[in-house]
Structure formats: structure tokens, C-alpha cells
Amino acid sequence: MEDKVIHKVVLIPVDFSDYSIRTCEIGFKYASEIGAEVRLLHAYCSTNLPSTLTYFMIGQDNFAADEDSIKKAVKEAKAEMDKLESVIEAKIADGQLPAVKYDHVITEGLPEDEIIAYSKKFRPMLILMGTRGENRKNLDLIGSVTAEIIEITKIPLLTIPENVSFDDLKNAHNIAFAISFSQQDLVAFDHFVELVGCYNPKIHLFNIVSSKSDWDEVRLAGTREYFRKHYPTLDVEFSVFDNTNILVSVENFVRNKQIDVIALTTYRHSIITRIFNPSIARKMLFHTNTALLVIPLHS
């Protein structure tokens, strides 16, 4: 990996599927908007034992074969990265992408481990991940790698579904933010505004409650007043619905409000689990085109 920390960088893990370029397009445009650089990261995972362990266990001949296998994997990864960067360069030359400074990292290991390791070391501003890989039989919105990153990342993560409704975050006109009546949400919202406030989208704050009690109405009124005072220039709308059938409620909300991105904070694991559990998500049509922005709270 690199030998210095670059503070303003957008990290884009890629698997070289056809869809990787779509994520790159959105990432490059976002990086240009905020004055950041882009890092493309690809992690390949060898199915062989570590070469040193293999050498001592089964001898030098198999050690050489293992080394050859690793060299082949590295060569293939570099060739695929070259092809991806050729596509990017062509789009930059055609004016389809901004001329953002970018580089790449190719590393051996499990993708989720390498993404987290890079993030801890270099602290990118945002991670962008496509939610469909080469295995198109997997219809889950949040694949296993992305789900793993959501649970442990300390860096904001934007998932880009294959049929997302925009090719530039400036065209994400309606962004929903899941909010409770807590101080943690207000801290997360500040970070949210830092990430997407430059686009001036319409922001839909939504809260899921067990019952619409008088106390909830009081807290909602207080929340409205807080946002009016602290964010007077933002176009903010509030919605509250009960948790009788969360999936249906959120689906209707996304459809009726034409939501392009849903933002959540990581301490709300119950909402992530209940709404975006992969086993349920495949049943929900709207998940195929709604991006997810996960904003972790700093410890």
C-alpha cells in the first residue's frame, strides 16, 4: 500500500465486473465535486495455503507451484486493472468523467479485510461499493462483502445498486435520513450534511415508531424546530410511520417520495437488520434502485 496518508480520498473497491465502471463514474464525479482523489482497490484471494506454510508442509516442488499460482493471480489482477483504467481514461478523454487524480491498489486477501485495513490506515472520506458482483445469480441488495463492511466500517459507505436511478450524486434529488430523537442522530446528520450538502437535495427525515404517542409528537415538534434553526437553508421534510410492517411502510415511502438514497447510522443495527436483511431485500423491488448511505459514528 501507499506510504503516506492522503486525507481527501474516495475509495472505490472494484471486482472488475461490468458494473464496476458504474460505481467508478459516480465516485469520480463525487471526488471532483469535493476536490478529492480516487483510489481503486482490488483484493484477490488465493485459494492456496500461504506459501511459507506450504513449503514446510508439502515440500519445495509444491512451494514452486504455489508461487506460480500466486504470480498468475497477480498478473491477472493487474491486467484487469489495466483494462478498467483504460475505460476510465477513455471516458475522461471524451469528457464523460472529470479528470480526477486517481491511483490503484492491488492486494492479496479477503476483500472485506483489505478494505477495512486500507480504511483504517488512510481514512478515506467515503467508500463506494457496487452491490452486484460477477455472480449475477446473487440477487441480494447487500452482498456478503458489503454487509461485512457495514458492520465494522468507521468510514461512510455508499452502496450503488445496479439499477440505481442516478449516475451522479447531484442527480440524487431526494435523500432520506432515518432519524430517531437522539443526540447520536444529530451528530450523524452533521456528517451527512458534510458529505452531500453541497448538492442541496431535498432531505426526507423519517422516523419509525412503535406508536404515535403524544410524546412522539412533542419530540417531533422539537426536532422540526432544531432543524429549522440549525439548517435554515436545507429543504427538509418529516415523515413518521409505525413499525407494524416496516418493509411495506419503507417501500411505500421510497416509492411515494421518489427516494434515491436512504441514509442510516450504524448504531441503529436493528433498522439495518430489519429493513435491509439480504434474505428479505431480494423480495423488495425498490431495493434494486435505491442507494444506501451508511454513516458510522466516530468512537
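The values are calculated or read from the model by the stated rules, or taken from the named source; none is laboratory data. From a predicted model like this one, the values you see are computed outputs, not experimental measurements. Here the Cβ positions follow ideal geometry from the backbone for every residue, glycine too, while neighbour counts run over all protein chains shown.
Scan region 5-15 residue by residue and report those that are of a type in the set (A, V, I, L, M, F, W, C) and at pLDDT below 90.
VAL5, ILE6, listed by residue number.
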Can you pull out every residue in region 131-173 that is at pLDDT 85 or above, not hydrophobic (A, V, I, L, M, F, W, C) and not in a loop (DSSP other than H, G, I, E, B)?
THR159, LYS170, ASN171
Number of the condition not met by HIS191 [criteria: (1) out of contact with any helix residue (DSSP H, G or I) (no Cβ under 8 Å at 6 or more places or on another chain); (2) crowded, with 19+ Cβ neighbours inside 10 Å]:
(2)
In region 84-96, is there at least one residue being in contact with a Leu (Cβ under 6 Å, 6 or more places away or on another chain) and under 27 Å from PRO156 (Cα atoms)?
yes
For region 25-66, the count of residues that are modelled with pLDDT of 50 or more and closer than 22 Å to ASP113 by Cβ equals 13
